[in-house]
Amino acid sequence: MSRRRIFLYVQHLLGIGHLKRAVTLARALGAAGIDVTLASGGFDVPDIAMEGVHRVQLPPAGTADASFRTLIDADGRVVDEDWKRRRREALLAAWRAAEPHALVLELFPFGRRQMRFELLPLLEAASAAPRRPLVVSSVRDVLGGGQANPARQDEMLELLERHFDHVLIHGDPALIPFERTFRHAQRIAARLHYTGYIVERDEPTGAEARAGEDEVLISAGGGAVGRRLLETAVRARPLTTLAERTWRVLAGVHAPAADFRALAELASGLGKGRVIVERARADFKALLRNCALSVSQGGYNTTMESLQAGARMVAVPFAGAAEIEQTLRARLLAERGLIEVVEESALTPATLAAAIDRAAQRERPAPDFIDFAGAERSAALLAAWTADLAW
């Protein structure tokens, strides 16, 4: 039998988590002996290593703000119909060149409605192909705020039943069952497959093994919407019992230059030489393993990487534009005694300092009850499904 081929589509708009998960999945597929074409539609993220991944970079798009309503191109212009046509043609050309046994769409149809102009034609092309590939949705454990709309969920169901063979849910039902945020989960139960959480597995070596030892680590993912959290953390430092530790603040690769400068100036003025401000670190997971405590927005990737690393954690989940994903996950983890949570609406230096002090008194969370084998199990499922195809 010839090597199986998979076409994996991902579009990150504001943060970088979707791309990180897709790259981790692509690597796991490659390790399973599958040829992967990763079609990426977002802006470049230099700190995500792509070695061993065949990436097709589509004309990049992002979002103008946290509402996710307006797409912008690489020059910051609102995309027009001509741009959409060129982007659609580029995606379909990449799809045809790959000749895949399976088409995997990250998040769609549970999100990325902005990309229907290219994804619906792609799904129609897959359905009409002489050798129809398997069509699979790859989705995280919790849907976001806009996706909770009943009419929107009915639309998701209709697309799933018309086009999709399987849904890979990158979560653990013992922690968060998918029906918690998708009301039609039972109706399509036969197509749902829990994989566990996708977290890249690696062990630090050399200098990484002790990087950031006993530091307080502050991060905001890609950094596009993290300024308030990071500045509040700098102001909270002197109010905590950890004020004498080194505090490392990672602003993120997408933090605006003006925000980064303002944060560095604030840290210089208030930090008393104990606050380091950087954009990002390639050894982030080593920093999590070694830190005294982690403070973050609580996105999927950072949360699971923190728990896998056994880091004490305070989450301040992003709640802009009616988002509920990070808040719901953080609350459920807090109920289990794994993390401390400060709601974004209640964020002040005092409330954050109090949460940091509570977290600092906790035992490190034991990661062994959460399933972190999402990438490997997803690869195994896709390998088995495509092996059953006759072509």
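The values are calculated or read from the model by the stated rules, or taken from the named source; none is laboratory data. Everything numeric in this text was worked out from a predicted model, so none of it was measured. Glycine gets a Cβ as well: all are built from the backbone with ideal geometry, and neighbour counts include every protein chain shown. SASA here: full protein model, heavy atoms, side chains in, ligands and nucleic acids out. Shrake-Rupley method; radii C 1.70, N 1.55, O 1.52, S 1.80 Å.
Some notes on this structure:
- Direction-averaged projected area, Cα convex hull, segment 313-391: 8.0 nm², rounded to one decimal.
- Of the trypsin sites (Lys or Arg not before Pro) found in segment 111-143, those in coil by DSSP whose Cβ has at most 13 other Cβ atoms within 10 Å are R131.
- List K20, K272, K285, ordered by accessible area with a 1.4 Å probe, largest first: K272, K20, K285
- Leading residue at positive end of dipole, the chain (Cβ point charges), from G320, A375, A98: A98
- Applying the Karplus relation 6.51 cos²θ - 1.76 cosθ + 1.60 with θ = phi - 60° to segment 57-74 yields 3J(HN,Hα) values of 8, 6, x, x, 9, x, 10, 5, 7, 6, 6, 6, 7, 10, 8, 10, 8, 5 Hz, where x marks Gly and Pro.
- Amide hydrogen proximity for G196: with H placed 1.01 Å from N in the peptide plane, the residues at 5 or more positions away or on another chain lying under 5 Å are G171.
- Normalised by the number of residues in the chain, the mean separation of alpha-carbon contacts (under 8 Å, six or more apart) gives a relative contact order of 17 percent.
- Dipole in debye (nearest 20) - segment 225-322, about Cα centre, beta carbon charges: Lys, Arg +1; Asp, Glu -1: 180
- Where V78, V314 fall by accessible area, highest first, once all protein chains stay in place (1.4 Å): V78, V314
- If both residues of a DSSP beta bridge must be in the chain, then about 10% of such bridges are antiparallel.
- Candidates G310, G269, G221, ranked by Gaussian network fluctuation over the chain, Cα under 10 Å, top entry: G269
- Computed with a 1.4 Å probe over protein heavy atoms only, the accessible surface of the chain comes to 41 Å² per residue.
- Directionally averaged projected area (the chain, Cα convex hull): 18.8 nm².
- Value of [θ]222 nm, deg cm²/dmol, for the chain, DSSP H segments ≥ 4, -39500 (n - 2.57) each, nearest 500: -11000 deg cm²/dmol
- Selected from G320, G30, G273 as most flexible by GNM, with the chain as the system and alpha-carbon contacts under 10 Å: G273
- In this structure the amide hydrogen of V56, modeled in the peptide plane, comes within under 5 Å of the amide hydrogens of L38, A39, S40, none closer than 5 places in sequence on its chain.
- Overall form of segment 207-273 per C-alpha gyration tensor (a/c, 1.5; a/b vs b/c): oblate
- Positive-end ranking of H163, I339, H18 along the dipole of the chain, with charges on Cβ about the Cα centre, is headed by H163.
- Kyte-Doolittle mean at least -0.5, axial Cα span of 15 Å or more - DSSP H helices of the chain: 17-31, 116-128, 257-270, 325-335, 349-360, 374-387
- Taking amide hydrogens as placed 1.01 Å from N in the peptide plane, the amide H of I276 sits under 5 Å from those of W247, R248, V249, each at least 5 positions away in sequence or on another chain.
- The dipole here belongs to the chain: it is taken about the Cα centre, uses +1 on the Cβ of Lys and Arg and -1 on the Cβ of Asp and Glu, and is about 180 debye.
- With all protein chains in place and a 1.4 Å probe, the accessible surface of the chain carries 50 percent carbon and sulfur.
- About its Cα centre, the dipole of segment 1-94 is roughly 460 debye, where the only charges are +1 on Lys and Arg Cβ and -1 on Asp and Glu Cβ.
- Between A64, W83, F43, the Cα set farthest toward the positive side of the dipole of segment 22-139 (charges on each charged residue's Cβ, about the Cα centre) is that of W83.
- Relative contact order computed over segment 148-252 (Cα-Cα under 8 Å; 6+ residues apart), in percent: 24
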